[in-house]
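Below is one structure, written out as structure tokens, with a few remarks after it.
Since every read-out is calculated from the coordinates, none of them should be taken as a lab result. Since this is a predicted model, take the numbers as computed values, not measurements. All Cβ positions, glycine included, derive from the backbone under ideal geometry; neighbour counts span all protein chains shown.
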Amino acid sequence: MADLARLSINQATTREQHSLAEAIAAYAGAGVTGISIWRDKLDECGLDEAVRMVQDHGLRVSGLCRAGQFPGGDAASRQASIDDSLLAVDQAVALGADCLIVVAGGLPRGSKDLAGARSMIRDGLGAVLPHARAAGMPVAIEPLHPMYAAERCAINTLGQALDLCDELGPGVGVAVDVYHLWWDPDLQAQIDRAGERVLAYHVCDWLVPTTDLLLDRGMMGDGVIDIPQISAWVEDSGYDGLIEVEIFSAGNWWKRPGDEVVRACRERIQSAV
Ligand code: ZN
């Protein structure tokens with residue numbers, strides 16, 4: 001079971017309860033080590049203020065969510081995603097984040113060209129990486145469950161993400177999220193292949209039944225994922241960074257008091273991760 005000192009909470013877990021300032025205060029006040037910050041919340045409070053608050057509370061930033069969304073129907077929209085991702089690199093550096101999370105993007109509207117979308121993802125990442133490398137900011141490709149291939153992310157397995165890393169060279173790795181990857185029969189082998197390229201580890205649980213494919217994630221221990229097994233594989237890869245709880249739960253956890261959710265994260269990382 002995981003050490004409490006490795007706990008980070010992805011801000012989305014209390015998205016409905018907390019502003020960024022409130023999340024920072026609540027997590028730090030509960031003795032949580034890290035936070036993963038979302039850029040929409042960052043924009044609400046401003047980068048300078050966010051940097052000050054994170055430093056004042058002594059929180060480690062396990063990741064900044066997110067850059068990417070590279071496929072687009074025209075060159076202008078693709079360039080806009082690249083420009084936005086370059087800005088995200090600078091924000092992640094200012095926050096001292098462990099990595100910048102990339103959610104690559106799905107099919108452009110009206111397109112059925114999945115291979116083309118994946119080429120755009122490779123080209124977009126290739127355009128962002130030189131700046132990220134120069135800034136010393138590791139970029140973490142997060143494969144998303146294949147049910148999101150059309151609208152959110154056409155990188156859907158760890159193997160596919162690592163193929164991209166192989167192609168793109170240094171400065172890029174992967175985020176392993178149990179929710180997206182637990183079903184993959186090749187998962188252990190691909191985590192082993194990733195080695196030091198595992199840049200982030202995200203946990204929650206898969207509920208049965210799942211009533212909403214985006215907003216019904218479970219707290220660790222409440223679903224069917226063998227999280228300790230995956231944690232052991234991630235550990236064996238050499239990853240010793242923070243373990244991030246990331247739960248989107250419109251019907252349950254987002255309705256509970258923020259302090260109760262933070263308490264549950266603290267308990268479950270020690271009992272179910
Ligand atoms: Zn994740």
Self-check item: Cut-off 15 Å, label 7 Å out along Cα→Cβ of A250, residues of the range 185-218 by amide N
Solution: 210-218
Self-check item: For D177, residues with placed amide H under 5 Å, excluding near neighbours
Solution: H202
Quiz prompt | Taking the convex hull of Cα positions in the range 118-224, its mean projected area over all directions (nm²) | solution = 7.2
Quiz item: Where is the GNM fluctuation largest for the chain (alpha-carbon springs, 10 angstrom cutoff): L214, L158, L20?
Solution: L214
Quiz item: Based on the alpha carbon coordinates of the range 186-248, what radius of gyration and maximum Cα-Cα distance (Dmax) apply, in Å?
Solution: 12.6, 35
Quiz prompt | Positive-end residue of L47, Y27, F70, charge dipole of the range 1-97 with Cβ unit charges | solution = Y27
Practice problem: Please work out, to two decimal places, the log10 of the ratio I(q)/I(0) at q = 0.13, 0.19, 0.25 Å⁻¹ from a Debye calculation in which every Cα of the range 1-101 carries one identical scatterer. | Solution: -0.47, -0.87, -1.32
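For the range 31-79, what ratio Rg/Rh do Cα atoms give with a Kirkwood hydrodynamic radius?
1.15
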Exercise. Please order K41, K112 by the number of other Cβ within 10 Å, starting at the fewest.
Key: K112, K41
Quiz item: Running Debye on the chain with equal point scatterers at the Cα sites and no solvent, what base-10 log of I(q)/I(0) appears at q = 0.07, 0.17 Å⁻¹?
Solution: -0.22, -1.45
Quiz item: Looking only at H57, H145, H180, which one moves most when the chain is put into a Gaussian network model with springs between Cα atoms under 10 Å?
Solution: H57
